[in-house]
2 protein chains.
Amino acid sequence: MTSLSIAEAAEQTGLTAHTLRYYERDGLMLRSVERASSGHRRYTDEDLRWIQMVTRLRATGMPIRDVRRYAALVREGDGNEAERLDLLLAHRQVVEQQLAEVTSHLRAIDHKIALYEHTVRPAS
Amino acid sequence: MTSLSIAEAAEQTGLTAHTLRYYERDGLMLRSVERASSGHRRYTDEDLRWIQMVTRLRATGMPIRDVRRYAALVREGDGNEAERLDLLLAHRQVVEQQLAEVTSHLRAIDHKIALYEHTVRPAS
DNA sequence: GCTTGACTTGGAGCGCACTCGAAGGAGTTC
DNA sequence: GAACTCCTTCGAGTGCGCTCCAAGTCAAGC
């Protein structure tokens with residue numbers, strides 16, 4: 001099991017060291033990240049996998065507070081899988097709705113683009 | 001040609017009156033909205049169509065400052081269609097990339113959901 | 001003429017998600 | 001042992017996009 005410094009974890013996850021510390025103190029991690037004798041953080045593979053999940057939730061627009069709720073459920077351990085599922089399903093629905101909305105707005109913008117392409121290169 | 005009060009325009013566009021005023025003072029409108037003798041704003045159909053375009057750009061994640069740039073180009077009048085096209089094409093590319101990213105993250109989340117569904121209802 | 005309600009302005013405030021700065025400690029390199 | 005680098009914490013600052021407030025104006029109804 002490798003364990004990484006915060007800078008290495010930052011590089012691996014694509015987040016900044018600042019953000020990793022921020023996530024930890026904001027309750028988004030499953031537990032406090034382990035420390036070397038120097039007090040420096042040491043990230044395990046498990047930490048990295050969790051951060052990846054957090055990244056996915058964030059990248060799909062889940063607010064920090066909901067990620068925190070989800071983390072709390074996972075932290076509690078077995079028995080609340082139904083709640084976790086509810087949370088993820090609700091999120092999924094929001095995301096799909098947003099995708100549909102953005103897609104439809106994008107189509108309208110595409111129409112505008114087509115008009116401008118006609119104006120700019122009338123031959124086409 | 002109808003002309004609407006700010007409250008009516010807000011209802012029509014789905015924005016708040018606050019936001020409509022904010023857009024105007026932040027340079028997102030094509031020109032100052034006309035006023036009744038009382039000083040109250042009167043929105044024309046043209047205003048509403050423009051606000052719809054702004055809404056589409058915003059809903060697809062275009063930052064206010066870019067909407068302002070686009071508004072400035074349209075305000076300038078004929079002759080800069082190529083620039084407007086560039087701006088929209090650049091935006092379009094960003095949006096498509098984001099859609100792809102969100103979609104891929106969502107698929108990963110769906111895997112997680114499938115796992116939980118298995119835990120919660122093992123029979124399925 | 002008084003009240004009511006919709007509107008006006010300028011400017012302050014807010015929620016979110018970071019992002020950064022200052023001051024200091026530990027470990028490595030010469 | 002001095003310099004350098006990487007890390008620590010606490011707390012403040014930033015950028016975005018609204019969102020709201022206070023004080024005032026105007027038109028209509030009673």
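Values in this text are rule-based calculations from the coordinates and carry no lab data. As the structure is a prediction and not an experimental result, all values here were calculated from the model. We place every Cβ from the backbone using ideal geometry, glycine too, and count neighbours over all the protein chains shown.
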Computed from every Cα-Cα pair in segment B:69-124, P(r) in 10 Å bins starting at 0 and rounded to whole percents is 21, 24, 18, 15, 12, 9, 2
Looking along the axis that carries chain B onto chain A, the residue of B whose Cβ comes nearest, with distance in whole Å, is B:Leu99, 3
The set of residues whose placed amide H lies less than 5 Å from the amide H of B:Met62, leaving out same-chain residues fewer than 5 positions away, is none
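From Cα pairs below 8 angstrom and at least 6 apart in sequence, can you work out the relative contact order of segment B:3-120, rounded to a whole percent?
Over segment B:3-120, the number comes to 21 percent.
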Rounded to two decimals, the Debye log10 I(q)/I(0) of chain A (Cα scatterers, no solvent) at q = 0.11 Å⁻¹ is -0.54
Percent relative contact order for segment A:1-61, counting Cα pairs under 8 Å at least six residues apart, stands at 40 percent
Going from the fewest other Cβ atoms within 10 Å to the most, one would list B:Arg56, A:Arg75 as A:Arg75, B:Arg56
Once Lys and Arg are counted +1 and Asp and Glu -1 for all other residues with Cβ under 9 Å from that of A:Ile109, the total becomes +3
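Any chance you could list the semi-axes, whole Å, largest first, of the equivalent ellipsoid that the Cα gyration tensor gives for the protein assembly as shown, using √(5λ)? Each step should come with its number before you reach the end.
Working: eigenvalues 402, 91, 76 Å².
One finds semi-axes of 45, 21, 20 Å for the protein assembly as shown.
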For A:Leu4, the residues 5 or more places away or on another chain with a placed amide H closer than 5 Å to its own amide H are A:Tyr43, A:Thr44
If each part is reduced to its alpha-carbon centroid, segment A:33-49 and segment B:14-83 end up apart, in Å, by 50 Å
Expressed to two decimals, segment B:1-66 has a Cα Rg over Rh, using the Kirkwood radius, of 0.95
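Under 12 Å from the Cβ of A:Leu87, count the other residues' Cβ atoms, weight Lys and Arg +1, Asp and Glu -1, and hand me the total. Walk me through the intermediate numbers first.
Working: positive: A:Arg65, A:Arg68, A:Arg69, A:Arg84, A:Arg92, B:Lys112; negative: A:Asp66, A:Glu81, A:Glu83, A:Asp86.
Its environment carries a net charge of +2.
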